[in-house]
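Notes follow once the structure below has been shown.
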Amino acid sequence: MEENSKNRVLWNEAASRGLVLGGFSAVCFALKQLSASGSEQVFTILSPIIWLLQFAGCILILRYLLRSYASKEKLSSLDSYVLGKRICTFSSLILAVVVTAVVLYIPDNFLSMQFDAMKETYSAAMDSKTKEVFDSMTMSDSPGVVFFSQFIYAYAYGSILSAILSRKIQGKEEEQTSETTDNQ
């Protein structure tokens with residue numbers, strides 16, 4: 001019964017903390033969208049900066065979220081990993097919904113520009129039939145593909161990050177146990 005309670009608490013914590021991480025990722029995505037709506041030079045300069053901000057920010061935020069929970073609860077490294085994966089699940093869902101909504105409801109956006117650039121790049125290597133099918137496709141024609149590809153990408157990144165960060169994050173009980181074994 002205690003395991004069920006602990007599991008429920010971890011899911012609840014993951015949901016609220018995933019909202020923070022997902023919100024940060026969505027804001028970074030929105031910044032990319034805004035930079036794409038400007039001139040191409042501005043986009044070329046700002047896009048890598050925003051990507052770096054998002055990459056490093058997600059690492060720091062997830063680390064902070066895991067450490068803050070571990071500082072007040074009994075948490076093993078495995079529990080920390082599980083919590084991190086669950087946080088990333090919620091965060092990935094939030095980001096995937098935002099990206100899909102942008103693709104569906106904002107006509108001239110960053111993802112459409114990337115898709116069009118990809119079509120231009122590979123058009124020389126395609127036969128006429130493939131080119132015709134590819135030209136008829138748009139990002140808004142496949143919201144399921146956009147949603148699941150974004151979700152899988154964000155979840156995979158988060159899972160790997162959780163595995164790395166959870167090795168160094170221990171709760172109250174784990175710290176006391178490791179200090180006791182170190183002193184003996």
Review point. Does residue 85 fit the bill of being among the basic types (Lys, Arg), within 18 Å of residue 17 (Cβ to Cβ) and either modelled with pLDDT of 90 or more or part of a helix (DSSP H, G or I) (or both)?
Key: yes
Check your understanding: Does residue 167 satisfy the criteria of being within 22 Å of residue 7 (Cβ to Cβ) and modelled with pLDDT of 90 or more?
Key -> no
Check your understanding: So which of 112, 178 ends up being open to solvent by less than 60 Å² (accessible area, probe 1.4 Å), in contact with a helix residue (DSSP H, G or I) (Cβ under 8 Å, 6 or more places away or on another chain), modelled with pLDDT under 75 and hydroxyl-bearing (Ser, Thr, Tyr)?
Key -> 112
Check your understanding: Which ones in region 52-73 are of a type in the set (Lys, Arg) and either assigned to a helix (DSSP H, G or I) or surrounded by 17 or more Cβ atoms within 10 Å (Cβ to Cβ) (or both)?
Key -> 63, 67
Practice item. Go through (1) hydrophobic (A, V, I, L, M, F, W, C); (2) open to solvent by less than 60 Å² (accessible area, probe 1.4 Å); (3) modelled with pLDDT under 90 one by one and return the number of the condition residue 15 breaks. Key: (3)
Point to revise | Selection count where residues are under 20 Å from the mean Cα position of the chain (by Cα), open to solvent by 30 Å² or more (accessible area, probe 1.4 Å) and not aromatic (Phe, Trp, Tyr), scope region 74-85 | key: 2
Study note, to complete from the structure: Cβ pairs under 8 Å, 6+ apart or interchain, first in region 57-77 and over 22 Å from residue 31 (Cβ atoms), second at pLDDT 90 or above and surrounded by 17 or more Cβ atoms within 10 Å (Cβ to Cβ), ordered by first then second residue, are 66/83; 66/84; 66/87; 66/162; 66/165; 69/17; 69/83; 75/83
Practice item. Determine the pairs where a residue that is touching a residue at least 60 places away in the same chain (Cβ under 8 Å), located within region 2-21, has a partner that is exposed (fewer than 13 other Cβ atoms within 10 Å of the Cβ) and aliphatic (A, V, I, L, M) with Cβ atoms under 7 Å apart, the partner being 6 or more residues away or on another chain. Key: none
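The values are calculated or read from the model by the stated rules, or taken from the named source; none is laboratory data. Keep in mind the model is a prediction, meaning the values are calculated, not measured. Methodologically, a virtual Cβ is constructed for each residue, glycine included, from the backbone with ideal geometry; neighbour enumeration extends over all protein chains shown. Just the protein is used for accessible areas: all its heavy atoms, side chains included, with ligands, DNA and RNA removed. Shrake-Rupley method; radii C 1.70, N 1.55, O 1.52, S 1.80 Å.
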